[in-house]
Amino acid sequence: MAKGKDKVAKSLLDLQPTAMLDLFLLYPDAQKSPETYFAFHNGSSFKKGIIWQGVTYMPIGMEMDGFEINADGRINRPKLKISNDGFYMSNILRNYSDLVNGRVVKKKTFVEFLDDENFDGGNPFGNADSTAEVSSQEYIVSQKSQENKVFVELELTSPLDLDNFEINHRRIMGKYCYWQYRGVGCQYRGVPIQTDGGELFEDASGNNINFKGD
């Protein structure tokens, strides 16, 4: 077994081959700068960058909550608390409008699949395999929930969870239209359903009128 000469290799060698790693890609503006990202991992196990799929993930203190999968199908809104040492995260927030277009990709893999570059003489635990992902989950940055000199906390959500998000400063509400029915901005082109006051149409005898489309 090759013995790593640098600190990261030695730290990795202390782990078991089946040790699972959580790796994060933060895209601060997925719309305007889709190729720009920051790659990091939780530095609790080892304190240097590790290489996976050709990307170097730098160590940074993190706390994760709510990433587990619910059996009832509910969509989680996990929270990611990231160290703000040296105002690292504050600088990212300032340069990218508080991550209003931010996305986070969370990857999982085993130590045995890490790139050979992490070790002196190649990966001693197995064969490096950039395709051997346990999982890859994508989240949207819903909001910055906390920011101080110690940490920044981000609330994440699934791209499938659109309820209560805002597009052009208009909030999306499930089952409801933002505009007043048949009012300014509604642009409804179907048959009339109700009056502007929300009442059903009636004829002179008080009977409901049902309009039929073309």
**Item:** Residue in segment 32-39 that is in a strand (DSSP E or B), in contact with a strand residue (DSSP E or B) (Cβ under 7 Å, 6 or more places away or on another chain), modelled with pLDDT of 90 or more and closer than 19 Å to Met58 by Cβ present
**Value:** yes
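If we scan segment 151-162, do we find a residue that is assigned to a loop (DSSP other than H, G, I, E, B), of a type outside the set (Val, Ile, Thr) and open to solvent by 60 Å² or more (accessible area, probe 1.4 Å)? Please lay out each step first, then the result.
So in segment 151-162, the residues assigned to a loop (DSSP other than H, G, I, E, B) come out as 158-162.
Adding the requirement that they be of a type outside the set (Val, Ile, Thr) leaves 158-162.
With open to solvent by 60 Å² or more (accessible area, probe 1.4 Å) added as a condition, the list becomes 160, 162.
Yes, some residue in segment 151-162 is assigned to a loop (DSSP other than H, G, I, E, B), of a type outside the set (Val, Ile, Thr) and open to solvent by 60 Å² or more (accessible area, probe 1.4 Å).
Going through segment 73-95 one residue at a time, which ones are assigned to a loop (DSSP other than H, G, I, E, B) and either on the phi > 0 side of the Ramachandran plot or modelled with pLDDT of 95 or more (or both)? Reasoning before the result, please.
Restricting attention to segment 73-95, the residues satisfying the condition of being assigned to a loop (DSSP other than H, G, I, E, B) are 73-78, 84.
Correct list: Gly73, Asn84.
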**Message:** Yes or no: segment 122-137 includes at least one residue that is in a helix (DSSP H, G or I) and in contact with an Asp or Glu (Cβ under 6 Å, 6 or more places away or on another chain).
**Reply:** no
**Message:** For segment 113-150, give me each residue that is open to solvent by less than 50 Å² (accessible area, probe 1.4 Å) and touching a Gly at 6+ places or on another chain (Cβ under 6 Å).
**Reply:** Phe119, Val141
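Within segment 93-105, take every residue that is open to solvent by less than 10 Å² (accessible area, probe 1.4 Å) and either touching a Phe, Trp or Tyr at 6+ places or on another chain (Cβ under 7 Å) or not aliphatic (A, V, I, L, M) (or both) and give me the one that is nearest to Trp52 (Cα to Cα). Working first, answer last.
Applying the first criterion (open to solvent by less than 10 Å² (accessible area, probe 1.4 Å)) to segment 93-105 yields 93, 99, 102, 104.
Still in the running and either touching a Phe, Trp or Tyr at 6+ places or on another chain (Cβ under 7 Å) or not aliphatic (A, V, I, L, M) (or both): 102, 104.
Numbers: Gly102: 22, Val104: 17 Å.
Ranking the candidates gives Val104 first.
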**Asked** In segment 102-114, is there at least one residue being modelled with pLDDT under 90, assigned to a helix (DSSP H, G or I) and touching a helix residue (DSSP H, G or I) at 6+ places or on another chain (Cβ under 9 Å)?
**Response** yes
**Message:** Would you confirm, using the coordinates I've provided, whether Ser90 is of a type outside the set (A, V, I, L, M), touching a strand residue (DSSP E or B) at 6+ places or on another chain (Cβ under 9 Å), crowded, with 19+ Cβ neighbours inside 10 Å and touching a residue at least 60 places away in the same chain (Cβ under 8 Å)?
**Reply:** no
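The values are calculated or read from the model by the stated rules, or taken from the named source; none is laboratory data. Computed from a prediction, not measured in an experiment: that's the story for all the values here. Virtual Cβ from ideal backbone geometry, glycine too; neighbours counted across all protein chains shown. Side chains are part of the model used for accessible areas, which takes the heavy atoms of the whole protein and leaves out ligands, DNA and RNA. Shrake-Rupley method; radii C 1.70, N 1.55, O 1.52, S 1.80 Å.
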